[in-house]
Every structure is written in C-alpha cells, then in structure tokens.
1. Touching a residue at least 60 places away in the same chain (Cβ under 8 Å), crowded, with 20+ Cβ neighbours inside 10 Å and under 25 Å from the mean Cα position of the chain (by Cα) - does that describe any residue in the stretch 345-356?
2. Quick one: count up the residues across the stretch 461-470 that are more than 15 Å from Gly316 (Cα to Cα) and in a helix (DSSP H, G or I).
3. In the list Asp304, Asp345, Asp312, Asp298, which residue meets the criterion of being out of contact with any strand residue (DSSP E or B) (no Cβ under 6 Å at 6 or more places or on another chain), more than 30 Å from Glu247 (Cα to Cα) and assigned by TED's automatic domain parsing to the domain that holds Ile462?
4. In the stretch 410-438, which residue that is touching a Pro at 6+ places or on another chain (Cβ under 9 Å) and surrounded by 13 or more Cβ atoms within 10 Å (Cβ to Cβ) is nearest to Leu378 (Cα to Cα)?
5. Residues of the stretch 406-428 being farther than 27 Å from Ile79 by Cα and without any contact (Cβ under 8 Å) to a residue 12 or more places away in the chain, which ones?
6. Looking at the stretch 215-230, which of its residues are of a type outside the set (S, T, N, Q) and surrounded by fewer than 18 Cβ atoms within 10 Å (Cβ to Cβ)?
7. Quick one: which helices (runs of 4 or more DSSP H) lie wholly within the stretch 142-253 and hold at least 1 residues that are closer than 19 Å to Gly316 by Cβ and not hydroxyl-bearing (Ser, Thr, Tyr)?
8. Any residue at all in the stretch 480-492 that is at pLDDT 95 or above, crowded, with 19+ Cβ neighbours inside 10 Å and in contact with a helix residue (DSSP H, G or I) (Cβ under 9 Å, 6 or more places away or on another chain)?
Amino acid sequence: MLLTAALVILSILIVWDYVKKRTRYRLTANIPGPRVYPVLGNIFKFKQKNTEDVINIMVQQLSQYGSTVKTWALNQLMIISSDLELVEVLLSSPKYIRKSSFYEILNIWLGGGLLISNGRKWFQRRKIITPTFHFKILEEFAEIFDEHGTILMEKLKEHAHGMPINIQPRLTLAALDIVSETAMGTKIEAQTNPDCEYAKAVHEMSDILMTRLVKIHLTNDFIFKLAAPEMYARQEHAKRVLHDFTENIIEERRRSLLDKKMNDNFEEVDDLGRKRKMAFLDVLLQASVDGRPLTNDDIREEVDTFMFEGHDTTTGAIGFTLFCISRHPEVQRKLFEEIRAVIGDDKTTSVGFRELNELKYLELVIKESLRLFPPVPLIARRLEENIKINGGKSTIPANSEVVIPIFTMLKNPEIFPDPEKFIPERHVNTEKANPYLYIPFSAGPRNCIGQKFALVEMKSLITKFLRYYELLPMGPAPKTVLNVILRSKNGVHLGLRPRVYE
C-alpha cells in the first residue's frame, strides 16, 4: 500500500515537473548541458563539497559543452555563459539589470541597497550616489588612503624580517579603517584597536553569509534557524551591532549638518583640528527623491552596502596584486622606478590623487592582477523577458538565472594569450578594444559604481608597500575559493624586507 502511494506521488511529481518545464525544455533544446533528471534536474551534478568546487565545476561544464551551458537546480533553469555576444547584450542593455535571486541572502545585512535593488529604486539610488565618486571627492579620499596606509606600514615593521607573512588580515583592517572614514566620516581605528566591535561584526557577518551561500540549504531562513542555531545567533548579534552602529552615526551626522545649517560660523573639524572631509554619508543625507529626503533606513542600506563592497573586494584585489608583484621581481623593479620618478625618495611624503594618477605602469599591473584574480569572479542576472541567442535558433526564457563567469572570460586564450602568465604589458593600448572582453568591474549601466574609488585605493596602498618594503616570494600560493567574491582560503603570503634606496 505504501509502495503504491509512493509510486503515485512520484508519478504525479514527474508529470507536474514536466508540465512546469516543457516550454523551457522546448525553447532551450539547442543549448547543450548535462543530462536532466525529473524533478531534481542537475542538482547532484552541481552539489559542491567545498567552495573550490564551484569554480572547478563551471570550468568543467564550459569546457565540455561550450561557451553556453544550461543546467537545472530543481525547477530553476540556470544558463552559464561566457559567450561574448550574449554577455554584451545582457550587460549593455538597461532591460537586463535585475540581479539574480542568488544575491537575496545579502538582504540580511544590506537591505535593498544599490548592490541588490532593482527597477526605479536602483535607478534613483544610482543617480544619487554617482557624484560621490567625482574626482574632486576622490582627491580628499586619497588623503584618507594615505593616512591609513602609513599606519599599516608602521604595524608591519615587526614582520619585515624576511619571513613569510599572511598579509590578508592586516589589509582587511586597513581597508575597514579606510571605508568607515570615507563612507561614514567616522574613525573606527580597526588597525590600532583589536577589540573594535564593529570590525569584528563585519568579519563575522561576511563569513556567515558566505557560508550560507555555499551551503545551499542554509539560504532558507527557517532551515537555517533549525539546522544551525548557534550560527543564526551569531548572525543576529552581528546584524544588531552593524545596524546600530550605522544608525547612530546617521543620527549624529544629521544633527551636525543641522547645526551647520543653522549656524553659518559652524565648522566641523576632525580629531587633529583639520576641516572635516566630505563622506559618502553626507551625500546621502543631503539627497532627496521626488522632493523627499532619504529615510534613515534608506541611508543605512547604502552605507552598509558601501562598507561591504568597499572593504571585502578591495582587500582581496590588493592582496592578490601584492602576491603577483612579489613573484615577479622585474615587474617590482619597474614599479619601484616609476614610483621614485613620480613621488621621489622620501617615503614619508604624502601622496595625493594627482601623483597616483601618474603611475601608469602600476595601472597595467593592477589590471593584470584583476584579470588573474577578479575580485567578483561571476555576476548573475534574472531575466524578465525571453532572449534569442545562437542567431535566433535558441531562446533563454524569462525567469532564467544567467551566470556570467568572469573568471573564465578573463582567461580565454583567444583573447589573452598565455592566460596563466602575469604580463602587465598586455594591457597597453587596449582603449579601443571591445569593453566587454575585460570586465573585472562588470560593464554597462550596472557596472561597479565604485571602481575609480577602488583603483585609487589600490594604487595608494600598493605604492605604500613598495616605498617601505621589498616584497619577497615566500609562503604558499593562494588557494582561491568562490563565494560572493574571490578569496584565498589559506591567506595571501609573501615576505617583507625594509626597502633600501640606492
């Protein structure tokens, strides 16, 4: 009796599954992919044991089936494509700006901030935030980069004895100091205060969200509470710390701006008596939508998004670039010569935006590092309408998730010969190349709004390292893993030796 009932239920599930999928089966008949099983799809094919498997599985699928592959996770159709024509269509058009549902787990921390929002809300926020990255504001931000970079160099003196060091934790603290001051106008002193509760909460929340993304069953909040109650409690504590901190800063800034508005002689100064610099938060507090100012919740979403994106991705990018430089002495020699020519031999000289802008070879080095180690290794869109591909022979149906594997596109040997080699010169005179061939910051209307900020910060900190220390090829190579961003699960190792000016 039980067996009969089970067979009936299974039969109903199979028929229901086929009915739900048959239109999408037909539309995608010419798109290759692994064998699809009733109800389950390819879920077992893509069940990863650890985060390294995510990259390996995608590389294997694209190698086996071509540049566009279809897979099924239960009832969800997912298209993985590095096809340049499709990538350009998706990224260049404002019709395809809806982020994949994969990003929704970040709502816990970021709410509906720019990274996750869609439609009119995204367009309005993007318009408000864009002026924050004007070069005049970046000039002020460069001073903040330099100041915290100097603190980092002092902290590293005790490790500059020619032995391998994992540079990643130190970079993370410096990046947190930088992004908290540029985003909120507030010093959290993460580098000098190991007990900084906010810095700990950022680290805790980032790790928990990445773990939940990799362990697919934990993306469901109800299952997460039941299956991992201790982790759930840590997540909720971190969320309270993060949101409370940001909300308190917002209220404090509102009061300061009101005082300034009511008192023409009121001038804000920092701890050293200097005029306070404009912060990302100040732009949001003075912005309005349809004549109404942003609410505290609106502002908190964007500040938290800036904090998340501004410290994690940039930290990874700087770390991987330092690793590449340490393993290529000729590149390091050229960089140091350029730095001396532009900045001089006094390593204590403060370096501003204009000097950083003159470091053209450093730009090539950063571009090549971003190619080998893209901080955001993939992006995904959820289609709201059908797209024709393969000259109209196939259709990707609406509600599909389309994944663009940036990490494979940037290692395409037809575009980047010897793709595993670190060759900065390959980026010389590429201004006229198709902008969708090299997309470490994505491209089109939904590209990374903070890419100029990130590049200036990278230049500032990398320049600091090379002025103070010689980078030595020591320690293991990074073991890259794919979460929301590209990380090294074993850290980023190199040696430091005090720089000798000859």
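The values are calculated or read from the model by the stated rules, or taken from the named source; none is laboratory data. All values derive from a computational prediction rather than experimental measurement. Cβ atoms come from the backbone with ideal geometry, glycine included; neighbour counts cover every protein chain shown.
1. yes
2. 6
3. On the way: Asp304 fails: more than 30 Å from Glu247 (Cα to Cα); Asp312 fails: more than 30 Å from Glu247 (Cα to Cα); Asp298 fails: more than 30 Å from Glu247 (Cα to Cα).
Just one listed residue meets the conditions, Asp345.
4. If we take residues in the stretch 410-438 being touching a Pro at 6+ places or on another chain (Cβ under 9 Å) and surrounded by 13 or more Cβ atoms within 10 Å (Cβ to Cβ), then Leu410 is nearest to Leu378 (Cα to Cα).
5. So in the stretch 406-428, the residues farther than 27 Å from Ile79 by Cα come out as 418, 421-428.
Matches in the stretch 406-428: Asp418, Lys421.
6. Across the stretch 215-230, the qualifying residues are Lys215, Ile216, His217, Asp221, Phe222, Ile223, Lys225, Leu226, Ala227, Pro229, Glu230.
7. Numbers: elements: 168-184, 197-214, 221-227.
Counting at least 1 such residues, we get 168-184, 197-214.
8. The answer is yes; a qualifying residue exists.
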